[in-house]
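What follows is a set of notes on a single structure, which appears directly below.
The values are calculated or read from the model by the stated rules, or taken from the named source; none is laboratory data. Nothing here was measured: the structure is a model prediction, and the numbers come from that model. No Cβ is skipped: glycine too gets one built from the backbone with ideal geometry, and neighbour counts run over all protein chains shown.
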Amino acid sequence: KAGVTQTPRYLIKTRGQQVTLSCSPISGHRSVSWYQQTPGQGLQFLFEYFSETQRNKGNFPGRFSGRQFSNSRSEMNVSTLELGDSALYLCASSTGQGGTQYFGPGTRLLVL
Amino acid sequence: QKEVEQNSGPLSVPEGAIASLNCTYSDRGSQSFFWYRQYSGKSPELIMFIYSNGDKEDGRFTAQLNKASQYVSLLIRDSQPSDSATYLCAVNLGDFGNEKLTFGTGTRLTIIP
């Protein structure tokens, strides 16, 4: 079974721009969660989508948004990028029943 | 108090010895506990999960859970240089509909040949 895939793997943007990241979950998984990882803050939960609905949300500003499509693929959007948004963005998929989450390879975003 | 706490290390262990990694959590409602391994520049990889009090063994790895003490640990027996990585403890409420994982900051483990 194919694992979680994320595109693109690397991105360089400038302050004020916006960015869209994509995540394809493991086949059969309906839940996609997004996390931000930085050296200072570690891994922090952004939000989770299940059956095209945002079901859980972390403590991030409204500039961070997401959506999920009917095939369970998910996108995350960050608008008005700030230098502090430079991070590794990870998505994880699961069945959505409070079980194990499996991570994709991540998208490394650098904001200049 | 942080929700999930781990000793950041680095923890250095000789090859062949037992590495012991510890994690405490604050939410007594937590039901599911996970250990992930993360190599530098890579994404977290699931090592083990545990839901019930006691020990759970998988090969060289043993997870231990004590809900009364709000403590979970990971033992790695016969440590190998390839075990050198950061180990992340993660916790969630385990409810249907609650997928949020809360992570510790990780323990950096180095196995010395």
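Values computed for the structure shown
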quantity	calculated
The listed residue being crowded, with 20+ Cβ neighbours inside 10 Å, more than 26 Å from B:Q6 (Cα to Cα), within 12 Å of chain B (Cβ to nearest Cβ) and at pLDDT below 95, out of A:S94, A:S31	A:S31
Residues of segment A:56-76 classified as surrounded by 13 or more Cβ atoms within 10 Å (Cβ to Cβ), of a type outside the set (A, V, I, L, M, F, W, C) and in contact (Cβ under 8 Å) with a residue 12 or more places away in the chain, total	11
Matching option when the condition is more than 28 Å from A:L88 (Cα to Cα) and either part of a strand (DSSP E or B) or within 13 Å of another protein chain (Cβ to nearest Cβ) (or both), among B:G41, B:G29	B:G29
Search result, residues across segment A:98-112 that are surrounded by fewer than 21 Cβ atoms within 10 Å (Cβ to Cβ) and either free of Cβ contacts under 8 Å to residues at least 12 places away in the same chain or on the phi > 0 side of the Ramachandran plot (or both)	A:G98, A:G99, A:T100
Residue match in segment B:97-109 (condition: modelled with pLDDT of 95 or more, more than 19 Å from B:K2 (Cα to Cα) and in a strand (DSSP E or B))	yes
Filter result (within 14 Å of another protein chain (Cβ to nearest Cβ) and of a type in the set (A, V, I, L, M, F, W, C)) within segment B:54-84	B:A63
Residue within segment A:40-54 that is over 15 Å from A:L109 (Cα atoms) and more than 12 Å from chain B (Cβ to nearest Cβ) present	yes
Number of positions in segment B:67-88 that are surrounded by 12 or more Cβ atoms within 10 Å (Cβ to Cβ) and either farther than 19 Å from B:F103 by Cα or more than 10 Å from the chain's Cα centre (by Cα) (or both)	11
Selection status of B:V13, outside any loop (DSSP other than H, G, I, E, B) and touching a residue at least 60 places away in the same chain (Cβ under 8 Å)	yes
Residue match in segment B:9-19 (condition: under 22 Å from A:G99 (Cβ atoms) and either surrounded by 13 or more Cβ atoms within 10 Å (Cβ to Cβ) or within 13 Å of another protein chain (Cβ to nearest Cβ) (or both))	no
